[in-house]
Amino acid sequence: MRISRVDEQTVALEEIDSVVADLLQKIPGSADPSGSEAASSRLFPQPTGGREQQAEEDWREYVEPDLRELFRDAVGVVEDDLKKLAPTSTGLRDLHLPVKHLDAWIHALNQARLVLAARHDFTDEELERDLSLEGGQRSFVLFQIHFYGLLQEFFLRQVD
Amino acid sequence: MPQLPTIENEPTTEDAIDVPWNVVVHNDPVNLMSYVTRIFQKVFGFTKQKADVHMMEVHKQGRSIVWTGARERAEAYVQQLHGHLLLATLEKSV
């Protein structure tokens with residue numbers, strides 16, 4: 001895959017092969033914390049660290065719904081953009097993203113990375129270790145987290 | 001789409017010393033350092049240099065107090081930081 005800034009308004013992801021296309025398509029699902037208490041707790045942490053019961057309850061009632069909607073909206077932008085993953089004559093795919101969508105992409109990639117790390121209970125050591133593709137599914141998820149991080153880093157540079 | 005709370009006419013730490021609450025950001029091995037710096041700039045209006053100092057404090061010491069002042073405003077900042085997926089809490093500064 002090649003990533004480049006086309007112009008002021010557009011970033012291009014080009015020559016996307018099937019593996020990378022699959023990783024991109026997995027972003028919305030990976031960002032969903034459903035079924036994992038650890039992932040939900042990470043996306044919606046306690047504002048007082050559990051010290052004030054009433055404040056925590058109020059937060060869950062009044063703040064969390066807004067956060068959930070905010071997160072859904074960001075992932076929704078990514079989902080819509082991914083529908084435009086266009087096949088090319090080479091069999092590879094291209095994706096052109098409006099720069100104004102990059103904040104949503106940065107958020108969704110971050111959310112996916114956090115959910116994956118929490119869901120699979122990766123240790124700090126595992127996350128910081130050099131990437132190895134040995135070890136099956138767990139290694140693949142770690143690769144996914146790192147790949148999303150690289151993409152996030154590129155997008156961050158575009159919005160600075 | 002819900003908006004994160006906008007914080008206007010930010011009082012300085014000194015203005016709010018009679019109701020001191022700290023906004024604390026905690027380390028997280030997943031969030032990118034460059035991302036954390038950017039969010040500090042965005043939420044608190046920090047210079048890049050100041051945002052980097054707090055980001056490094058979070059990274060090396062596990063936490064950084066990024067703002068101190070009235071509780072209501074501290075809660076609004078924590079909400080903004082949670083909106084950007086940072087681990088943040090508020091706590092009494094004394």
* To do: Give A:E64, A:E57, A:E52 a once-over and let me know the one that is out of contact with any strand residue (DSSP E or B) (no Cβ under 8 Å at 6 or more places or on another chain) and more than 10 Å from chain B (Cβ to nearest Cβ).
  => A:E57
* In the stretch A:70-127, how many residues are assigned to a helix (DSSP H, G or I) and modelled with pLDDT under 95? -> 4
* Name the residues in the stretch A:27-71 that are basic (K, R), under 19 Å from A:I106 (Cα atoms) and surrounded by fewer than 17 Cβ atoms within 10 Å (Cβ to Cβ), would you? -> A:R68
* Asked: Does the stretch A:133-147 hold any residues that are more than 10 Å from every other protein chain (Cβ to nearest Cβ), within 19 Å of A:V20 (Cβ to Cβ) and out of contact with any His (no Cβ under 7 Å at 6 or more places or on another chain), and which are they?
  -> A:L133, A:Q137, A:S139, A:F140, A:L142, A:F143, A:Q144, A:H146, A:F147
* Output the residue which, of all residues in the stretch B:41-73 that are in contact with a Ser or Thr (Cβ under 9 Å, 6 or more places away or on another chain), touching a residue at least 24 places away in the same chain (Cβ under 8 Å) and part of a helix (DSSP H, G or I), is farthest from B:L86 (Cα to Cα). => B:H54
* Structure fact -> Filtering the stretch B:65-89 down to residues that are more than 11 Å from every other protein chain (Cβ to nearest Cβ) and farther than 22 Å from A:H107 by Cα yields B:I65, B:W67, B:T68, B:G69, B:A70, B:E72, B:R73
* Asked: List pairs: first in the stretch A:93-105 and aromatic (F, W, Y), second part of a helix (DSSP H, G or I), Cβ under 9 Å, 6+ apart or cross-chain?
  -> A:W105/A:I27; A:W105/A:A74; A:W105/A:V77; A:W105/A:V78; A:W105/A:D81; A:W105/A:L151; A:W105/A:Q152; A:W105/A:F155
* Return only the number of the condition from (1) farther than 30 Å from A:Q9 by Cα; (2) within 12 Å of the chain's Cα centre (by Cα) that A:E134 does not satisfy. => (2)
* To do: Can you work out which of the residues in the stretch A:104-130 that are among the aliphatic types (A, V, I, L, M) and more than 9 Å from every other protein chain (Cβ to nearest Cβ) is surrounded by the fewest Cβ atoms within 10 Å (Cβ to Cβ)?
  => A:A104
* Yes or no: A:R93 crowded, with 18+ Cβ neighbours inside 10 Å, more than 8 Å from every other protein chain (Cβ to nearest Cβ) and basic (K, R)? -> yes
* **Residue match in the stretch A:33-46 (condition: touching a helix residue (DSSP H, G or I) at 6+ places or on another chain (Cβ under 7 Å), among the hydroxyl-bearing types (S, T, Y), touching a residue at least 60 places away in the same chain (Cβ under 8 Å) and part of a strand (DSSP E or B))** => no
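Okay, residues lined up against (1) at pLDDT below 95; (2) in contact with an Asp or Glu (Cβ under 8 Å, 6 or more places away or on another chain):
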site	(1), (2)
B:E8	yes, no
B:T13	yes, no
B:D18	yes, no
B:V25	no, no
B:R38	no, yes
B:V43	no, no
B:M55	no, no
B:W67	no, no
B:A74	no, no
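The values are calculated or read from the model by the stated rules, or taken from the named source; none is laboratory data. Here the structure is a predicted model, which means the values were calculated and not measured. FYI the Cβ positions are ideal-geometry reconstructions off the backbone, even for glycines, and counts take in every protein chain you see.
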